[in-house]
1. What accessible area, in Å² to the nearest ten, does a 1.4 Å probe give for Phe409?
2. In nm, to one decimal, how far is the modelled label at Ile380 from the one at Leu443, with both set 7 Å along Cα→Cβ?
3. Determine the distance separating the Cα centre of the range 39-70 from the Cα centre of the range 139-162; give it in Å without decimals.
4. For the range 364-522, what D do you get in µm² per second when you plug the Kirkwood radius from alpha-carbon pairs into Stokes-Einstein at 37 °C and 0.692 mPa s?
5. For the range 586-626 and the range 277-315, what is the centre-to-centre distance using only Cα atoms, to the nearest Å?
6. How large a share of the accessible area of the range 273-402, in percent, is made up of carbon and sulfur atoms when the probe is 1.4 Å and the other protein chains stay in place?
7. Please report the accessible area of Lys533 (heavy atoms, 1.4 Å probe, ligands and nucleic acids excluded) in Å², nearest 10.
8. For Cys552, Cys366, write out the residues from largest to smallest accessible area, computed with a 1.4 angstrom probe and no ligands counted.
Amino acid sequence: FELSANMNFFTLRSLILCATIGGAGVSASIIKVNGGTSNEGFRNQTPMYGRGYSVSTEALMSTCLSSPELSNPTFDYDYMFYEFNEEDNEQTSEYKPNDPGRRTYGWSIFGRISSRVRSETSTSSSSSTRYQYLSSMMRTDMYYNSIDDKTASLTPAAVNLLQRSEYIGFIQACGPNYVRTIRRTKQIAAMFQYRSSSTSFLSETTTDNVRSFSIGLRWWGFSYRGSSSSASTTSNKIRRSSQGDSLLITIFAEGLNFADMDDNDGTLVPKTMEDFDAVMAYGFEAMKNQHSGVIVSIEVIPWIANTGFHVAAQITTALEQERCQQLTARTCAGLQCQANGAAVSCVDTCFFEGTTDPMDCTYGFCTDATCYQQNTATLINTFAYVPITDLPCINNTVRNTFAVNEESFATTNEMYTEVTSEECDSVANAEYIRDNIIFSPQLMMFNYMSNAELIAEVDAIVRQMFNRLGLLTQCAGFLNSLSDEFLAEHWVENNLDKVHWADYQNYMNTNLRYGRPLDELDFTRPLGAMRLKSLLVGDACPNDTDDGCNLCARTATTSTGGCILRKRRFLYGRIVDDTMKYVKNFYSECLEQLSASDLQFDGGQLFTKHWSSITECAKPICLIRRSTWDGVDDCTLHDSFQNQNYIPASFADAEHFVQSYCMPEFRPLIRYR
């Protein structure tokens with residue numbers, strides 16, 4: 001399946017939950033991750049071959065696979081030449097870059113050129129001067145550049161983790177997946193702007209002339225060498241149609257590599273039309289390196305699909321374990337052997353006259369017409385078969401009172417309970433079953449994939465919690481280091497939602513609303529530094545004093561009668577308390593169970609059980625960021641997930657408040673008279 005790197009987090013979370021809960025239906029398939037539709041792509045990250053990746057968090061991790069060789073890549077090449085018309089601001093060349101049938105990767109340069117043309121034409125629309133805009137673009141799309149599995153190997157540190165059965169540590173360092181293939185695009189383009197008496201350059205040139213112009217711009221010597229005379233002819237047309245020294249050449253390029261280029265190889269700065277050929281030739285040389293280019297997508301595959309991982313993790317053989325089960329429920333129906341009106345064994349009650357050899361009465365009849373007591377000539381005249389239904393017969397002594405080989409005999413409601421090897425055969429007359437369990441290697445793969453993504457997700461959540469706590473600590477500490485005089489004379493900039501400068505003129509005193517709880521106005525109006533310090537302290541007591549505050553006893557661990565726990569009085573304490581509750585009650589408990597041994601395999605539960613079948617982990621709400629532990633046995637969703645129209649300012653969101661103003665940037669208070 002395909003995921004976009006800028007996918008909405010809540011949508012992605014829903015997808016991952018569905019995929020991991022139904023882990024047995026997910027194959028160890030290749031995952032393609034796009035760099036998103038924005039121009040940034042992967043520019044803010046550094047995908048590398050063999051580097052770990054988590055689909056659920058979109059985070060890159062350590063490089064745990066080294067590959068001295070890569071497969072030879074394949075290149076697609078495009079060369080485009082088109083004209084922007086000033087009157088309708090549309091490209092008029094026969095090539096349509098926005099055609100839905102075209103590839104959409106790497107059109108950021110085209111967008112930049114279009115924006116430049118729109119800006120220029122809107123500026124000159126009221127002028128009598130007419131401009132022409134021509135653009136040419138050279139672009140390569142490189143793919144099939146992948147790790148060579150024959151030469152790739154896990155790094156020594158990664159192998160060491162796996163050999164010590166530290167599977168969770170491996171996931172935290174190397175991720176659930178790794179990058180195997182990287183797709184890159186590289187492009188260089190030029191925009192020509194010049195004043196012209198003609199309405200369109202293309203209108204006064206033939207198709208052949210346009211083709212010769214495009215060839216003349218660069219591609220002499222690539223696949224076809226155009227004649228210098230044809231290139232010269234078209235260049236001369238530009239000169240004739242331009243008015244004076246109006247020609248402006250702008251170069252756009254991305255994804256080029258100059259590390260292997262000498263200073264004398266060329267330049268990307270054309271000063272004349274004659275320099276342009278050398279510029280494009282230099283740009284083409286800078287595209288050849290297979291490690292250069294803007295990354296537009298990556299292919300990631302699960303570690304569990306890597307043979308080296310199987311060997312290092314010692315999971316190349318099927319897990320097998322002896323199992324013992326005790327019969328804990330069973331009912332019998334059929335013919336019961338009775339003597340003198342009481343149930344007796346059908347196996348050893350009747351004997352041949354004067355012998356110790358019992359008759360077999362399990363078939364619903366005796367082998368002799370009469371039954372004798374053991375080693376005597378005394379008859380058992382009252383021996384009979386009596387129909388019995390639904391008699392509990394867990395004990396084999398009771399079961400043996402039935403003619404078990406008679407056609408009406410049946411057992412129902414059988415139930416076995418697994419016991420330890422020490423408990424096996426410990427109860428007299430109880431029935432046990434011994435067998436061997438062989439755990440499916442395929443199911444081990446599915447469980448590991450799902451559990452690994454879970455670990456990566458909860459790790460990211462805990463890191464976010466501690467980062468939030470660290471930011472609050474630094475911010476509050478910084479404000480405490482400043483004097484009250486300084487704080488009273490400064491505003492604090494809102495980093496997320498800038499307040500218009502004119503609004504600062506309407507408020508003269510930065511101590512406005514001092515002592516009041518956090519509310520919507522703290523996000524929408526200028527905020528004084530003194531007010532910020534007070535809110536970061538976050539005292540839950542009125543007026544920041546103990547007077548009239550219903551504080552719980554110092555030894556209290558739970559709130560009774562609406563009292564305020566002392567550790568939750570201040571904002572810092574509340575965030576610490578929420579973080580530690582989540583870590584203690586969910587994160588630690590879940591990871592402890594996933595790292596437990598199973599089937600005589602250290603850390604085996606990571607492979608033998610899906611997280612949704614483990615009570616300590618089967619809490620999907622805890623996998624949604626900003627959820628908090630409810631104090632009982634699960635997590636509670638944050639308000640932002642329970643209200644479709646959630647606006648942080650309207651809900652006085654404390655975390656959003658910290659992000660808005662920390663670390664503080666000050667604006668001096670100007671008093672107007």
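The values are calculated or read from the model by the stated rules, or taken from the named source; none is laboratory data. Treat the numbers as computed from the prediction; the structure is a model and nothing was measured. For neighbour counting, all protein chains shown are included, and Cβ atoms are generated from backbone atoms with ideal geometry for every residue, glycine included. Remember, those area values only see protein heavy atoms, side chains included, never the ligands or the DNA or RNA. Shrake-Rupley method; radii C 1.70, N 1.55, O 1.52, S 1.80 Å.
1. Counting only protein heavy atoms, the figure is 30 Å².
2. Label-label distance for Ile380 and Leu443, simple model: 4.6 nm.
3. 11
4. The Stokes-Einstein estimate is 123 µm²/s.
5. Rounded to whole Å, the Cα centres lie 34 Å apart.
6. Numbers: 3090 of 6080 Å².
Here it works out to 51 percent.
7. Approximately 50 Å² for this residue.
8. Largest accessible area first, the residues go Cys366, Cys552.
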